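This report refers to the structure that appears directly beneath it.
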Amino acid sequence: MKLYRICNKISLLLHVLASAVGYFVMEAICRHSFIEAWNYMTQKPLVFAYNTAFIFTSSLIVYLFRRRTFWRILVTLFWLILAIINGVLLMNRVTPFTGPDLHLITDALKIANKYLPMAGVVAVCILFGIVVILLLILLIKGPKYRGTLKYRYNIPLILLAVALFAGSTQIALDKRVLSNYFGNIAFAYEDYGYPYCLATTIFNTGISCPRDYSESEIKRIEKTEKNIPETNEESRPNILFLQLESFFDPTLVNYLNLSEDPIPTFRKLMKEYSSGYYKVPSVGAGTANTEFESITGMSMHYFGPGEYPYKSILKETTCESAPYVLKSLGYTTHAVHNNEANFYGRRSVFPNLGFDTFTSEEYMAKEDEKNPLGWVKDSVLTDEILKCLDSTEGSDYVYTVSVQGHGAYPDEQILEDPEITVSGAPTEEENNKWEYYVNEIHEMDNFVKELTEKLADYPEDVVLVMYGDHLPTMGLTVEDLDNKYLFQTEYVMWDNFGLQKKDENLAAYQMAAEVMDRVGIHEGTIFRYHQARRNTKNYQVDLETLQYDLLYGERYSYGGESPYQRTRMRMGIYDVTLDSIQCVSETDHTYYIKGTEFTPSSEVKLNGEWYDTVYVNPTTLMITGTELNDFDRLAVIQRSNSSTRKPLSKSYDRSCYALYADNPWKLNVDTNTDADMESEQ
C-alpha cells in the first residue's frame, strides 16, 4: 500500500516514463528492429519527444476514472495493437498503415490470410478473445483509485495539456521538426514517427477551403482563361499515356557503375521527340498519386499528407478528368494495367474517372510472362494497347499502368546471367538490388521499343506519352543524384504524325493539358486553366481554389452540379462468350468449355457453385470429375487475382442441352455489366 501511495504521488512522472518506453517499443515493432528504434530516438530526439508527448496526452484520460489500471492497460493495448498492425503490414508491403486503411477494417478478416497464415489468423482471433475477457475481468474486479476525483481540476488540466500539445504541433511544423507534406509516406513514417503520421493521415485529408473561396472568386479565375482558342474540330488523334513502374535513368545515380546503358530506346526517343523531366508527387512509392495527377490535372500538393484520393474522395464521387473531357469529343476511354484489378481500388475508382473499359491482369491471356518477383512483364501490354485502338473506329484515349519494375528488389543475386552488371553501391546487397532493377527496366525499355515500332505503322494518328511514376525504392537521397531532385523522373511525348519537338520540364498534373494543347483540344475546366495560366502569377494559389471547388466546394465552375456521371465500365475489351461444350472423356467426365476471351483467371460456376477449372488456351477451359446433365447451368466468371478472389465479370448462366462431341452445345451469350457484378459482390 505504501508503494501504491508513492506511485500515486508521482503518477505523472511515471506516466511520462511509461509513454516514452511504450513509444520506443512501438517504433521497434514498426521498424522490425530495436536497434533501428534506438537510432531513431538518438538521431531525432525532438521528433521522439513529440510523439512521446502525443501518447502521454492521449493517455491523460485515465485521470477521469477510478479504474485507472484498467484504462492505462486499455490505452496501452490500443497503441500496441496499432503498432503490431503496422509492423505486420510492413512485412508484406511498402506502404505503412494509414488513415484510409481504417475504411478497410470490415474487409480485414477477408484479407488477413494475405499477411498471416491461417493458423496465425486463428491464433490472433483466440488471443483477441482472451484479451477482451481479461479486460472485462479487470474492469469489474480490478483496483480502484480511492482518492477524491477532482473533476473541476482534472478536466481543465487535461484540456490545457491538449491545448499545449496542439501548440507544440504548430511550433514543430513551423520549425520543420515535422512536416505536413509526405512525398513518400513510408519515408515520412520513418522520419516523423508512427503516431504523428497515422493521426495526420486520419484527420488531415482532402483540400481545405481557401480563405477567399466564393462564386465571384471562381468567376475571376475563369476570366483569366480568355486567351484560350477554340478546340480544333478536325484534330482527333488517339491519345495514349504509358506510366512505367519505377522507371528512371539509373545513370543519374552518381555512385553506380553500369556495364551498358539500360535504357537506350528511351534515351534515343528523348533526343528525337518532345521530352524533359517529369515532376511527380512521390518518391519510391505512390503510383496511384502520379496516376491521379496525370489523369485529372489536379495537384496532390493540396491534399492531406500521404493521402490517396483513390482511397478517399474518389470512392465517393466522380472527378473531372481527361477521360471525361475526351469522351465529350467522341473518344472511347480505356484503362490497361498488368496487375490485379482491385489494386489501389482501381476497379471501383476508374468508373468515377470516366473510363469505358478496364483491362486488368485478369483479362490478359499470357499466364507465364512474369519476372522473378512474380510481377507480370510489361511486354504483354503491347497487344492490349493495340486491342484498345482496334476495338473502335473513332479516336481512343488509353491510359496504361505498367508493373514490371515494382519492388521490393531482392538483396540476393537471383539473376543467373544478367545482361547488365552493376557495381559501385555501398554494399553487396545494394549492388544486387540495383542489378536486378536495372535489368528489369532494360526489359521495359525493350517493351517501349516494340510498342513504338508497332504504333509507327498504325493507320491512325497517335500521341504516346511515356514516363516513370516515381523513383525506385532504393533509399536514394538528393546527394546521390546528378540532377539533385528526388521528385522527378523523365518523359517522352512520342507521335507518328510529326508533332514539333518541344523540350520542357512538366509536372504530372500539367501533362494532359499540354498534350491536349499540342493537338488543338481546349476543353475541360482544369485543363483549360493549365493551358491559360501555367507560369503566370498566382497560378498555384488559384489552382488550389479551383481544385477545391471541383471536388469539395459548391462547384460554381459547373453551375452548382457536376456534369460527370459514373460510367458503366466494362471489364476487358470484349465479352467472355460460351460457344459449346465438348465431352473429352466419359470415363472421368472431362469436358472442354469452348468460347472466347478466356484467361487463367476464368473459372466455371456449375449450378451456382465454383468448380475447379483448368485454363487451356484463350478459347478452351477444362473441367473434370462430374457428369453434366441437361439441366445443369454453367457460367464462366473472371475472378480477381487478389486474395479476395472477387468476381469481376461473368457470362450469364445457361443450361446444357447437349453433351456430345458431334452435336456441340451452341449458345448466344451476353456478358454481365459492371453494375451486375457489383450487386453480386
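The values are calculated or read from the model by the stated rules, or taken from the named source; none is laboratory data. These numbers come from a predicted model, not from an experiment. Every residue, glycine among them, receives a Cβ derived from its backbone with ideal geometry; neighbour counts consider all protein chains shown.
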Within segment 218-269, of all residues that are among the polar types (S, T, N, Q) and under 33 Å from the mean Cα position of the chain (by Cα), the one farthest from residue 524 (Cα to Cα) is 257
Listed by first then second residue, the pairs whose first member lies in segment 522-546 and is among the small types (Gly, Ala, Ser), whose partner is part of a loop (DSSP other than H, G, I, E, B), with beta carbons under 6 Å and at least 6 positions apart or on separate chains, are 532/225; 532/227; 532/228
Checked segment 477-486 for anything touching a Leu at 6+ places or on another chain (Cβ under 8 Å) and in a helix (DSSP H, G or I); matches are 478
Residues of segment 518-546 being in a helix (DSSP H, G or I) and either under 20 Å from residue 326 (Cβ atoms) or among the basic types (Lys, Arg) (or both), in sequence order, are 518, 525, 526, 527, 528, 529, 530, 531, 532, 533, 546
Determine whether residue 226 is at pLDDT 90 or above and over 26 Å from residue 312 (Cα atoms).
-> no
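If you take the residues of segment 244-261 that are of a type in the set (Asp, Glu) and buried (at least 19 other Cβ atoms within 10 Å of the Cβ), which of them is nearest to residue 470 (Cα to Cα)?
Residues of segment 244-261 that are of a type in the set (Asp, Glu), as a first pass: 245, 249, 260-261.
When the remaining residues are screened for being buried (at least 19 other Cβ atoms within 10 Å of the Cβ), the result is 245, 249.
Numbers: 245: 7, 249: 11 Å.
Once the filter is applied, the top-ranked residue is 245.
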Notebook entry, point to check: Of the residues that make up segment 561-578, is at least one farther than 29 Å from residue 324 by Cβ and touching a strand residue (DSSP E or B) at 6+ places or on another chain (Cβ under 9 Å)?
Noted result: yes
Exercise for review: Would you mind stating whether residue 352 is assigned to a helix (DSSP H, G or I) and within 30 Å of residue 198 (Cα to Cα)?
Suggested key: yes
With the first residue restricted to segment 240-258 and required to be closer than 12 Å to residue 401 by Cβ, and the second required to be of a type in the set (Ser, Thr, Tyr) and assigned to a loop (DSSP other than H, G, I, E, B), Cβ contacts under 6 Å at 6 or more apart or on different chains are 244/402; 245/402
Across segment 421-437, the tally of residues that are loosely packed, with under 15 Cβ neighbours inside 10 Å and either farther than 14 Å from residue 259 by Cα or of a type in the set (A, V, I, L, M, F, W, C) (or both) stands at 4
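In this structure, does residue 221 turn out to be buried (at least 24 other Cβ atoms within 10 Å of the Cβ) and either hydroxyl-bearing (Ser, Thr, Tyr) or in a helix (DSSP H, G or I) (or both)? So that I can check it myself, show each step before the final result.
On the way: buried (at least 24 other Cβ atoms within 10 Å of the Cβ): no; either hydroxyl-bearing (Ser, Thr, Tyr) or in a helix (DSSP H, G or I) (or both): yes.
It is false that residue 221 is buried (at least 24 other Cβ atoms within 10 Å of the Cβ) and either hydroxyl-bearing (Ser, Thr, Tyr) or in a helix (DSSP H, G or I) (or both).
Quick one: which residue in 452, 473, 489 is in a strand (DSSP E or B), surrounded by 18 or more Cβ atoms within 10 Å (Cβ to Cβ) and among the polar types (S, T, N, Q)? So that I can check it myself, show each step before the final result.
Numbers: 452 fails: in a strand (DSSP E or B); 473 fails: in a strand (DSSP E or B).
On inspection, the qualifying residue turns out to be 489.
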Within segment 1-59, restricting to residues that are among the charged types (D, E, K, R) and at pLDDT 90 or above, the one that is nearest to residue 171 (Cα to Cα) is 44
Segment 75-176: helices (runs of 4 or more DSSP H) wholly inside it with 1 or more residues that are at pLDDT below 85, out of contact with any His (no Cβ under 9 Å at 6 or more places or on another chain) and over 29 Å from residue 343 (Cα atoms) are 118-141, 151-174
- Boolean, residue 202 is assigned to a helix (DSSP H, G or I) and more than 26 Å from residue 284 (Cβ to Cβ): no
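Being over 26 Å from residue 336 (Cα atoms) and in contact with an Asp or Glu (Cβ under 9 Å, 6 or more places away or on another chain) is the requirement here; does residue 255 meet it?
Working: over 26 Å from residue 336 (Cα atoms): yes; in contact with an Asp or Glu (Cβ under 9 Å, 6 or more places away or on another chain): yes.
For residue 255, the condition - over 26 Å from residue 336 (Cα atoms) and in contact with an Asp or Glu (Cβ under 9 Å, 6 or more places away or on another chain) - is met.
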Of the residues in segment 552-585, those that are of a type outside the set (Ser, Thr, Tyr) and touching a Leu at 6+ places or on another chain (Cβ under 9 Å) come to 571, 572, 578, 579, 581, 582, 583
Taking segment 417-445 and keeping only residues that are farther than 17 Å from residue 477 by Cβ, in contact (Cβ under 8 Å) with a residue 12 or more places away in the chain and not in a helix (DSSP H, G or I), one is left with 418, 419, 420, 421, 422, 423
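Just to be sure, is residue 378 touching an Asp or Glu at 6+ places or on another chain (Cβ under 8 Å), of a type in the set (D, E, K, R) and touching a residue at least 40 places away in the same chain (Cβ under 8 Å)? Can you show your working first?
Values: touching an Asp or Glu at 6+ places or on another chain (Cβ under 8 Å): yes; of a type in the set (D, E, K, R): yes; touching a residue at least 40 places away in the same chain (Cβ under 8 Å): yes.
Yes, satisfied.
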Within segment 542-562, the residues that are crowded, with 19+ Cβ neighbours inside 10 Å and among the small types (Gly, Ala, Ser) are 553, 557
So, first residue farther than 11 Å from residue 22 by Cα in segment 52-63, second residue modelled with pLDDT of 90 or more and not in a helix (DSSP H, G or I), Cβ within less than 9 Å, six or more apart or across chains; the pairs are 54/193
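Give 231, 200 a once-over and let me know the one that is at pLDDT 85 or above, over 18 Å from residue 95 (Cα atoms) and polar (S, T, N, Q).
On the way: 200 fails: over 18 Å from residue 95 (Cα atoms).
One residue alone meets the criteria, 231.
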Residue 66 being outside any helix (DSSP H, G or I) and either in contact (Cβ under 8 Å) with a residue 24 or more places away in the chain or more than 24 Å from residue 187 (Cα to Cα) (or both) | yes
So, first residue farther than 17 Å from residue 68 by Cβ and among the β-branched types (Val, Ile, Thr) in segment 122-149, second residue assigned to a helix (DSSP H, G or I) and at pLDDT 75 or above, Cβ within less than 8 Å, six or more apart or across chains; the pairs are 131/77
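Confirm whether residue 511 is assigned to a strand (DSSP E or B), among the hydrophobic types (A, V, I, L, M, F, W, C), in contact (Cβ under 8 Å) with a residue 24 or more places away in the chain and out of contact with any Gly (no Cβ under 8 Å at 6 or more places or on another chain).
Taking the combined requirement at face value, the residue does not satisfy it.
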Subset of segment 22-47, residues surrounded by fewer than 20 Cβ atoms within 10 Å (Cβ to Cβ), in a helix (DSSP H, G or I) and touching a Gly at 6+ places or on another chain (Cβ under 7 Å), comes to 47
Reported set for segment 530-543 where residues are under 14 Å from residue 296 (Cβ atoms) and either at pLDDT below 95 or in contact with a Gly (Cβ under 8 Å, 6 or more places away or on another chain) (or both) is 530
